[in-house]
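The values are calculated or read from the model by the stated rules, or taken from the named source; none is laboratory data. Since the model is a prediction, treat every value here as computed from it, not as a measurement. Quick reminder, even Gly has a Cβ in these numbers, built from the backbone with ideal geometry, and neighbours come from all protein chains shown. Only protein heavy atoms, including side chains, enter the accessible area calculation; ligands, DNA and RNA are left aside. Shrake-Rupley method; radii C 1.70, N 1.55, O 1.52, S 1.80 Å.
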Amino acid sequence: MLVLVGASAGLGWVLLGQGWSLRSPSQVEVVGSRQVSRDQIIQEARLRFPVQLLNLQPRQLAVQLAAALPVENVQVTRLMLPPRLRIDLVDRKAVARAERHTGKGLEQGYVDRLGNWMTSRQQSGANGTGGAPLLLVSGWQEHLRPPLAQVLGRSEQLGSTLLEIQFEPNGNLWLITSSLGKVRLGLPDGQLGRRLDMLSHLSSQLSSRVKGLKVQSIDLSDPDHPELGLPPKPRPGGSGGPGMGVD
């Protein structure tokens, strides 16, 4: 019994101290990403070989990698037989250019489909050869990510190409579209979904009389009473008067 116990203890010590360790980069597996390499993972995780596998903290590594890499999700798993570190990634894709105000002035960056801010470094390579997105998000703010993600998710259903999403300092939301001009959505509260529904409805259901005119603005801050800003009707023998609103 003493021999068996001693042998087991010795084998356990060998496995813990020698067997369950990462000795080379080949023991780091990167799965699910088309733009993040093993070398990037090792650099951002600050791995120095050899490293004891049990000394690595998967949750801490996942947070560290998610903050540094252009990915939406990171899952880190320690595998013992054979010893290796598995990194499962979901690539993040920039869907819009973005601007935000900081203490150092205006900062340029990007956002993904969830409204998360991406630096130029994180975006690098995310879109391949497709170039930078055309859509612009101005006035990005951390606490406004949920409504931004909601608008981004509905952008293909608005009936008019979305060119810009604007957030005022107080949170008021504006959209600029190719055919409907400026659209005021007001504060992004629980009515935002209804306002987007109304915008999609107006895009497809406006009468031919109104569609034939250049809509200057749309106010959907009250989705029950949308207002259209239309160009003034020319006065006979004189210049046009002030614009009119249409409910």
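The slack between A132 and L4, meaning 0.36 nm per residue of separation minus the straight C-alpha distance, is 39.6 nm. On full extension, the segment bounded by T77 and E142 gains 20.4 nm, given 0.36 nm per residue less the C-alpha separation.
Solvent exposure of segment 40-161, expressed per residue, is 55 Å² of accessible area, with all protein chains present and a 1.4 angstrom probe. The calculated FRET efficiency for the pair A67 and S26, based on their C-beta separation and a Förster distance of 22 Å, comes to about 0.30. Simple spin-label estimate for E44 and Q60 gives 1.8 nm between the two label positions (7 Å along the Cα-to-Cβ direction from each Cα).
Inter-label distance, Q52 to L106: 5.3 nm, where each label sits 7 Å from its Cα along the C-beta direction. The calculated P(r) of segment 35-101, using every Cα pair and 10 Å bins from 0, goes 18, 50, 23, 7, 2 in percent.
Available extension along the chain between Q150 and S221 is 23.9 nm, counting 0.36 nm per residue and deducting the alpha carbon span.
Taken over the Cα atoms of segment 81-167, the convex hull encloses 154 Å³ per residue.
Using the alpha-carbon positions of segment 170-209, Rg (one decimal) and Dmax (whole number) come out as 11.1, 36 Å.
A Förster radius of 35 Å, combined with the Cβ-Cβ distance separating S37 from T161, puts the computed FRET efficiency at roughly 0.50. Within the shell defined by Cβ-Cβ distances under 15 Å, the residues around A45 carry a net charge of +3, with Lys and Arg each +1 and Asp and Glu each -1.
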